[in-house]
1. If you scan the stretch 88-117, which residues turn out to be under 35 Å from the mean Cα position of the chain (by Cα) and under 12 Å from ALA5 (Cβ atoms)?
2. Across the stretch 264-295, what is the total count of residues that are at pLDDT 90 or above and hydroxyl-bearing (Ser, Thr, Tyr)?
3. Within the stretch 293-318, how many residues turn out to be farther than 19 Å from LEU244 by Cβ, small (Gly, Ala, Ser) and without any contact (Cβ under 8 Å) to a residue 40 or more places away in the chain?
4. Taking PRO397 as meeting all but one of (1) buried (at least 16 other Cβ atoms within 10 Å of the Cβ); (2) under 18 Å from THR418 (Cβ atoms), write down the number of the exception.
5. Report yes if some residue within the stretch 52-60 is assigned to a helix (DSSP H, G or I), modelled with pLDDT of 90 or more and among the small types (Gly, Ala, Ser); otherwise report no.
6. Taking the options GLY36, GLY101, GLY55, GLY71, name whichever one is of a type outside the set (A, V, I, L, M) and free of Cβ contacts under 8 Å to residues at least 12 places away in the same chain.
7. Among the candidates GLU528, GLU551, GLU519, which residue alone is surrounded by fewer than 16 Cβ atoms within 10 Å (Cβ to Cβ) and of a type in the set (Asp, Glu)?
Amino acid sequence: MYVLAFDRDWTVDLNPHPRWEAVPLEWVRYWAHEAGHEVWAIGNQDLVEDADIAGTVESIRRRDGHVDALGEQDEYGYYEWWPEREERLRILLELFPNAEGYIAVDDLDLGHVDGWEHFHAWNFVEYVRQGELGLSAPPSTGLSPDGGFESGDAVREVLADGYVFELTHRTDGEQKTHLVTHFEPDRPSMTPLKGPPAFWFETVGNDERFSVRLPEIEALQPVPYDRLADPLAGAAFAAVRKQLEEDPASVDEELLRTMLSDAAADAASVDRRKALRLAMTAVKHCDDSREVAVDATFDLLADEPSALDRAALQALHEAATDDPTVLKDHVGDLSAYASQDSMYQAAATHCLMELAEADPTRVLDAVPALEAAATAETEATQSYAVYALSSIAAKYPEEVFPARDALIEAMQNEDETTQTNALAALGKIASNYPDAAEPIVDELVPLLDDDAKRVRNNAVGLLGDLAQEYPPIVIEYADRIASRLDDNNIQARVNASIALQRAGEADPAAIRAQQNRLEAALEDPSPEVRANVCSLIGNANVSVPIETLEEVKENDLDETVRDRAAWAISRLN
């Protein structure tokens, strides 16, 4: 028994190297399911499904008895940790210590991994054919040209004439017929050096992808979608989607709108996944049918979301990035998804964010949903929601007032952007409803020392807003606020001088206690800071030497600063 480890792209003929021959998928399946070898996917894990073999997750599970080492999966299915390719090979070596040999086939050079013999696909195929590796290829992979087409160009001419085809081909000596669409791998392919070309198809019914080499193709003919048995069956949806992707201008817009409308009206009976894929493609490619496609997308979303449903919402977000009005009639739908902890939440909140940025008026009814999303478990959802609330608060602070508790919680977030947007929203609310911000002063003060300058700026600025209505509360933190007069960011220093000026009337003694900082600030590069400090000195009768103020009055380059210094001198004399 051998242990065989395969990469997928540029290795297996599902996605071969542009210039070299790849390992036939049939070989991989044969060795795994008929020849009794251990065959594993070590690269692109799509090969796990393509060849029905085990992959990295299974190797971790067999090694540890669980997959805790990988951590949690995020909303897109990615694990917190993923072993490097060399480590994947070492795990397999550990799992099968008594194998006859260990062969890794990969376009990446893995020859440095102890215990493994590495081959590129094109060398590997040649060695197998020559019988040099102790592995035999399945008998059905002979490449003698005995099919129904004389050349690859003849096949390509047929493929150019349609979008759905009836394909008859021979596999393992058995003739099979499928209704298929044609597709090209992600990377370009060419005729292998040592064999006829391969063509890739996807069955219309179950989305199975497979390749067929030229000699095995016995018949191939286009099937127009208007001749399919059921215009709302998967084949019709797949055909029109294929046409949309390749030549949008050739699609009958009236037929497309009819198909989408009928599919949305009868979502429980149609091939929902194929109809949803068609709607997503129409949203992307068809301006004239986009409104109908958006409506159909929402009607076709599943109650229990899958990765496809989440991708559909993402497609709507991408459309809204260019034109937010495409979602204007679906704020209610988006709010329902944004308020629930599900796979839909992040994408729906992202859509609402685009709407809020473009026109806050359209999403006023979504504020409760955004409030819920602002306290979601995922950082992305929180960030989208808080930004949307800050966009609304800029124009409608009274509408965001009920969400102040969620914004206060978001203000403590470790993400700088979320913190900044939460502070911005609270600042807009406080400017109109100071009572809403009064309870947050204790939580706000620690942010004065935050590493992020935007957070410091907004925090001390919001304290300045609060000081207008609540100077006795803010002045309690005069020392912490005055420490920002030494901040390396000019806006933080300006905001600190404003906050002290507004709060100082409540307790001039607290301002006098900052004499050293105020005196030093008379040399601040910002004229606005210098002017505000002169006002603070005069208002609170701070014991700054008259000579120092005289110097400012006579020599400062800014007229406002000179006038304020003169006024402060008049107050101290």
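The values are calculated or read from the model by the stated rules, or taken from the named source; none is laboratory data. What you see is a predicted model; the values in this text were computed from it and never measured. Reconstructed Cβ throughout: ideal geometry from the backbone, glycine too, with neighbour counts over all protein chains shown.
1. ARG88, LEU89, ARG90, ILE91, LEU92, ALA104, VAL105, ASP106, LEU108, LEU110, VAL113
2. Residues in the stretch 264-295 being at pLDDT 90 or above and hydroxyl-bearing (Ser, Thr, Tyr): 1 in total.
3. 2
4. Checking PRO397 against (1) buried (at least 16 other Cβ atoms within 10 Å of the Cβ); (2) under 18 Å from THR418 (Cβ atoms), the one that fails is (2).
5. From the stretch 52-60, those assigned to a helix (DSSP H, G or I) are 56-60; that's our starting set.
Now narrow it down to the ones that are modelled with pLDDT of 90 or more: 56-60.
Among the residues that remain, those that are also among the small types (Gly, Ala, Ser) are: 59.
Yes.
6. Details: GLY36 fails: free of Cβ contacts under 8 Å to residues at least 12 places away in the same chain; GLY101 fails: free of Cβ contacts under 8 Å to residues at least 12 places away in the same chain; GLY55 fails: free of Cβ contacts under 8 Å to residues at least 12 places away in the same chain.
Exactly one residue qualifies, and that residue is GLY71.
7. Details: GLU528 fails: surrounded by fewer than 16 Cβ atoms within 10 Å (Cβ to Cβ); GLU519 fails: surrounded by fewer than 16 Cβ atoms within 10 Å (Cβ to Cβ).
When all the criteria are applied, what remains is GLU551.
Residues are listed down the side, and each one gets a yes or a no for (1) more than 17 Å from VAL12 (Cα to Cα); (2) of a type in the set (Ser, Thr, Tyr); (3) in the same structural domain as ARG170 (by TED's automatic domain parsing):
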position: GLN45; (1), (2), (3): no, no, no
position: ASP50; (1), (2), (3): no, no, no
position: ARG62; (1), (2), (3): yes, no, no
position: VAL67; (1), (2), (3): yes, no, no
position: TYR79; (1), (2), (3): yes, yes, no
position: ALA99; (1), (2), (3): yes, no, no
position: TRP122; (1), (2), (3): no, no, no
